[in-house]
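Q: Sending over a structure as structure tokens; questions will come in a sec.
The values are calculated or read from the model by the stated rules, or taken from the named source; none is laboratory data. Just so it is clear, the model here is predicted, and its values are computed rather than measured. Cβ atoms come from the backbone with ideal geometry, glycine included; neighbour counts cover every protein chain shown. Heavy atoms of the whole protein, side chains included, go into the accessibility calculation; ligands, DNA and RNA do not. Shrake-Rupley method; radii C 1.70, N 1.55, O 1.52, S 1.80 Å.
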Amino acid sequence: MDGMLSQDEINALLNGMDLSEEEVDEAVEEAGGTVIDESLLTEEERDAIGEIANISMGSSATTLYSLVNRKVDITTPKVSLTDWAGVVDGYERPCVFIQIKYTAGLDGSNILVLKEHDVKVITDLMMGGDGTNTEGELGELHLSAISEAMNQMMGSAATSLSTMLGMMIDISPPEASLVDLNAFQNGGDIASFLNGTFAKIAFRMQIGDVVDSTIMQLYPIEFAKSIYDTVKSGADEPAEPAPQPAPEPAPMAAAPQMPQQPDMSQMNMGAPQMGMPQMQMPQMQMGMPQMQMGMPQMQMPQMQMAMPQMQMPQMNMNVQPAQFQSFSADYGAIASNENIGLIMDVPLEVTVELGRTSKSISEILDFAPGTIIELDKIAGEPIDVLVNGKFVAKGEVVVIEESFGIRVTEIIK
């Protein structure tokens, strides 16, 4: 009996051999195996951790797609408990361990485990290859590239966690290392929590038609429980009550009709005509509200008031057109010359461009002394003259004593 036994296997032994749990544990330990206590994480905690990992890896897959320019699928995770022996027995070796530490929001760390072949494929795709250049040993270039990819992927996952948990979550730059699982009797030399039982979250990852593999995330039990507690505490907080609509205002009683103001525009402010002022009262109506209590309706008599027509005296105003001083025809040229003189001493950067080309990252990494780079210019073709990056002229190369120069042959208008 080698490796670890799950709780189901232990229960089967108990039922089939009629042994107590203590006797089974002793038999497993004597055989060199390990008993996994499945009660360290409840089903509810496993479901919550799996959902969090699913959301995180969903956003990570989108980020990885932008890096490798291939379709990336990461399936729903499976959460289980395991120990170092279970990782060694169930995974390829050597493999790449990527440690991610949380610096804000969460207190803990986790480890992402990738197969060596998968790291080579991802690195080749990031450098513009087709994912088939996987020969040779895994070197610093591969580890640096996969660390940068994981930094962006887990950064995107941290952003998703921040949105879900409602708090700021940040990570430190991931650290990647090539690990030969057979070289370690226990994982305590890699991370302290790997010395005991820990949570394993397994995903199936597919990248186009070049990768169909399994990746793992390893969580300390305490860290997994703290994530669950954070999610649960956020879910248990009572929602803020919805604001109650303001009560509608009570209908107001109709205001009594005010007397109509006389139209002042129709007033003549001059002397009264025919020796007597014309008096005309505007009609005013003031009504009392009707009362229904056995009493007769009452209404006030109409009142009329009149004011004499008056006419405003006319005021004499002297209005003249505006006059402006005339300018000479050459004033604009003089002002322009004075303004341009203010910036004559401003230095400008003149660049002579022999030609251009574009290379992929893989081609640039192959550069060595003696490498010839072909440009897009034909021999003998005029070269470009740029001033502050703007194309202004064409010319030809000349030699002035021991220095290169350029003779301008054409001004670009």
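Q: Filter the stretch 352-369 down to the residues that are of a type in the set (Gly, Ala, Ser) and open to solvent by less than 90 Å² (accessible area, probe 1.4 Å) and list them by number.
A: Matches in the stretch 352-369: 355, 360, 362, 368.
Q: Whether any residue in the stretch 69-80 is touching a Cys at 6+ places or on another chain (Cβ under 6 Å) and at pLDDT 80 or above is what I want to check.
A: No, the conditions are met nowhere in the stretch 69-80.
Q: While we're looking at this one, here's another question. Residues of the stretch 173-225 being among the hydroxyl-bearing types (Ser, Thr, Tyr) and closer than 14 Å to residue 91 by Cβ, which ones?
A: Matches in the stretch 173-225: 213, 214.
Q: A follow-up question, please. Consider residue 125 carefully, then state whether it is open to solvent by less than 50 Å² (accessible area, probe 1.4 Å), in contact (Cβ under 8 Å) with a residue 60 or more places away in the chain and touching a helix residue (DSSP H, G or I) at 6+ places or on another chain (Cβ under 9 Å).
A: It is true that residue 125 is open to solvent by less than 50 Å² (accessible area, probe 1.4 Å), in contact (Cβ under 8 Å) with a residue 60 or more places away in the chain and touching a helix residue (DSSP H, G or I) at 6+ places or on another chain (Cβ under 9 Å).
Q: Restricting the search to the stretch 373-413, which residues are within 23 Å of residue 357 (Cβ to Cβ), free of Cβ contacts under 8 Å to residues at least 24 places away in the same chain and not in a strand (DSSP E or B)?
A: Within the stretch 373-413, 373, 374, 375, 376, 377, 378, 379, 380, 381, 412 qualify.
Q: Within the set of pairs 6 or more residues apart or between chains, which connect a residue that is within 18 Å of residue 77 (Cβ to Cβ) and modelled with pLDDT of 60 or more inside the stretch 29-49 to a residue that is surrounded by 13 or more Cβ atoms within 10 Å (Cβ to Cβ) and among the hydroxyl-bearing types (Ser, Thr, Tyr) with Cβ atoms less than 6 Å apart?
A: Listed by first residue and then by second, the contacts come to 45/228; 48/228.
Q: Say we look at the stretch 50-75 and pick out the residues that are outside any helix (DSSP H, G or I) and in contact with a strand residue (DSSP E or B) (Cβ under 8 Å, 6 or more places away or on another chain); which of these is most open to solvent (accessible area, probe 1.4 Å)?
A: The qualifying residue most open to solvent (accessible area, probe 1.4 Å) is 71.
The rows are residues; the columns are (1) within 22 Å of residue 346 (Cα to Cα); (2) open to solvent by less than 70 Å² (accessible area, probe 1.4 Å).
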site: 371; (1), (2): no, yes
site: 381; (1), (2): no, no
site: 385; (1), (2): yes, yes
site: 395; (1), (2): no, yes
site: 399; (1), (2): no, no
site: 412; (1), (2): yes, yes
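Q: Additional query: Residues 362, 358: which one is among the polar types (S, T, N, Q) and either in contact (Cβ under 8 Å) with a residue 60 or more places away in the chain or more than 30 Å from residue 125 (Cβ to Cβ) (or both)?
A: 362
Q: Kindly establish whether residue 131 is small (Gly, Ala, Ser), open to solvent by 50 Å² or more (accessible area, probe 1.4 Å) and touching a residue at least 24 places away in the same chain (Cβ under 8 Å).
A: Spelling it out, it is not the case that residue 131 is small (Gly, Ala, Ser), open to solvent by 50 Å² or more (accessible area, probe 1.4 Å) and touching a residue at least 24 places away in the same chain (Cβ under 8 Å).
Q: Here's a check for you: in the stretch 149-161, which residue that is at pLDDT 85 or above and small (Gly, Ala, Ser) is nearest to residue 98 (Cα to Cα)?
A: Per the stated criteria, the residue is 149.
Q: Suppose we filter the stretch 80-103 for residues that are open to solvent by 30 Å² or more (accessible area, probe 1.4 Å) and either touching a residue at least 24 places away in the same chain (Cβ under 8 Å) or assigned to a strand (DSSP E or B) (or both); how many remain?
A: 9
Q: While we're looking at this one, here's another question. Output the number of residues of the stretch 104-152 satisfying the condition of being among the aliphatic types (A, V, I, L, M), assigned to a strand (DSSP E or B) and closer than 20 Å to residue 203 by Cβ.
A: 4
Q: Looking only at the stretch 105-135, which residues are at pLDDT 90 or above and touching a Lys or Arg at 6+ places or on another chain (Cβ under 7 Å)?
A: Listed by number, the list holds a single entry, 125.
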